[in-house]
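K.L.:
Handing you this structure, nothing more for now.
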Amino acid sequence: MKFITAIFITLFPLITFANSSVPTNRHISVHGTAEVLVEPDMAQIIFEVKSIEDTLLEAKRDLDGRVSVLLEELDKYDFGQGDVHISGLKSKIYTKVGTESGIALSDNYLALKTVKVTLKDIKKVDEFIDFAQRLQIDNIKKINGLSSKVKQLEAEATQLAIDNAKAKGNKLAQSFGAELGNVYSISANSSSSDYDASGVKHIVLSSHRNSMAARNNENPFTQQQYLGARISVKASINVVFDLKLK
């Protein structure tokens with residue numbers, strides 16, 4: 001796996017952190033940061049399964065049947081526990097209104113469930129979307145890139161942030177004729193998110209877009225880039241060092 005590491009360093013004469021205690025003797029407060037970028041090797045696909053019928057009971061029964069077929073077909077992908085999540089039932093009433101008379105004609109009922117599946121192999125995204133289409137599930141809401149090594153990346157980013165803080169502290173201390181002493185306090189955190197480094201965003205497909213493609217006799221999924229983003233794992237650390245005069 002190819003890693004792209006970016007360490008962002010900003011030097012300040014002295015950084016004081018709010019709501020943190022500092023020693024009464026000579027000290028220096030520094031802020032270290034780091035970022036690790038990696039291409040995703042997993043994917044989470046979020047889509048909707050819905051049914052519209054004359055009664056809510058009919059819509060629910062049809063929806064339950066489609067979800068059951070979906071779950072049966074999902075067995076071929078060898079999903080693990082927690083890889084498939086199905087939301088609770090959502091419903092809504094649609095009232096048909098005559099275009100000329102403006103009078104309410106009848107009600108239709110929408111039953112909907114949101115499904116999230118996590119593919120351990122990102123290369124199977126196209127295959128899974130084709131599979132969803134065969135089941136007449138084309139309302140894909142979003143595709144998120146994930147990494148199977150996020151914990152490892154967080155550890156790497158944290159170590160880089162530590163190195164960044166030490167380098168920054170040493171440079172500042174030496175600039176004023178001092179050197180770093182013992183560590184007084186440490187505060188660290190890390191986070192991960194999608195990072196669009198290539199200019200290609202996650203594709204978001206809606207039923208409206210799919211219906212437009214259908215009217216033009218086009219496949220809504222043809223020649224589309226589903227995933228173009230990389231994953232950004234960031235870490236930061238606040239450290240207070242004692243200062244020793246040379």
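K.L.:
Report every pair of residues separated by at least 6 positions or lying on different chains whose Cβ atoms are under 6 Å apart, first residue within the stretch 106-133 and on the phi < 0 side of the Ramachandran plot, second assigned to a strand (DSSP E or B) and basic (Lys, Arg).
P.N.:
Final answer for the pair search is SER106/LYS96; LEU110/LYS92; LEU112/LYS50; LEU112/LYS90.
K.L.:
Of the conditions (1) of a type outside the set (Phe, Trp, Tyr); (2) open to solvent by 70 Å² or more (accessible area, probe 1.4 Å); (3) not in a helix (DSSP H, G or I), ASN144 clears all except one; give me its number.
P.N.:
All conditions are met except number (2).
K.L.:
Out of the residues in the stretch 113-126 that are charged (D, E, K, R) and either part of a strand (DSSP E or B) or open to solvent by less than 40 Å² (accessible area, probe 1.4 Å) (or both), state the one that is nearest to LYS141 (Cα to Cα).
P.N.:
Top of the filtered list is LYS116.
Residue by residue, here is whether (1) at pLDDT below 90; (2) within 27 Å of the chain's Cα centre (by Cα); (3) not in a helix (DSSP H, G or I) holds:
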site: ILE52; (1), (2), (3): yes, no, yes
site: GLY65; (1), (2), (3): no, no, no
site: GLU73; (1), (2), (3): yes, yes, no
site: TYR94; (1), (2), (3): yes, no, yes
site: GLY102; (1), (2), (3): yes, no, yes
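K.L.:
Something else: How do the pairs read when you match residues in the stretch 159-181 that are outside any helix (DSSP H, G or I) with residues anywhere that are open to solvent by 40 Å² or more (accessible area, probe 1.4 Å) and basic (Lys, Arg), using Cβ under 7 Å and keeping only pairs 6 or more apart or on different chains?
P.N.:
GLY177/LYS246; ALA178/LYS244; ALA178/LYS246; GLU179/LYS244; GLU179/LYS246; GLY181/LYS244
K.L.:
Open to solvent by less than 50 Å² (accessible area, probe 1.4 Å) and modelled with pLDDT of 90 or more, is that true of LEU227?
P.N.:
Answer is no for this residue.
K.L.:
Next question, about the same structure. When the residues of the stretch 149-184 are narrowed to those that are of a type in the set (Ser, Thr, Tyr) and modelled with pLDDT of 90 or more, which ends up surrounded by the fewest Cβ atoms within 10 Å (Cβ to Cβ)?
P.N.:
Taking the candidates together, the pick is SER175.
K.L.:
Inside the stretch 127-137, can you point out the residues that are open to solvent by 80 Å² or more (accessible area, probe 1.4 Å) and either touching a strand residue (DSSP E or B) at 6+ places or on another chain (Cβ under 6 Å) or part of a helix (DSSP H, G or I) (or both)?
P.N.:
Matches in the stretch 127-137: GLU127, ARG134.
K.L.:
Tell me which of these ILE28 doesn't satisfy, since it passes every other one: (1) farther than 17 Å from VAL84 by Cβ; (2) outside any strand (DSSP E or B).
P.N.:
It is condition (2) that ILE28 fails.
K.L.:
A further question on this structure: Checking GLY88 against (1) over 30 Å from LYS234 (Cβ atoms); (2) outside any loop (DSSP other than H, G, I, E, B); (3) in contact (Cβ under 8 Å) with a residue 12 or more places away in the chain, only one condition comes out false. Which one?
P.N.:
(2)
The values are calculated or read from the model by the stated rules, or taken from the named source; none is laboratory data. As the structure is a prediction and not an experimental result, all values here were calculated from the model. Positions of Cβ are generated from backbone atoms using ideal geometry, with glycine treated the same way; all protein chains shown enter the neighbour counts. Only protein heavy atoms, including side chains, enter the accessible area calculation; ligands, DNA and RNA are left aside. Shrake-Rupley method; radii C 1.70, N 1.55, O 1.52, S 1.80 Å.
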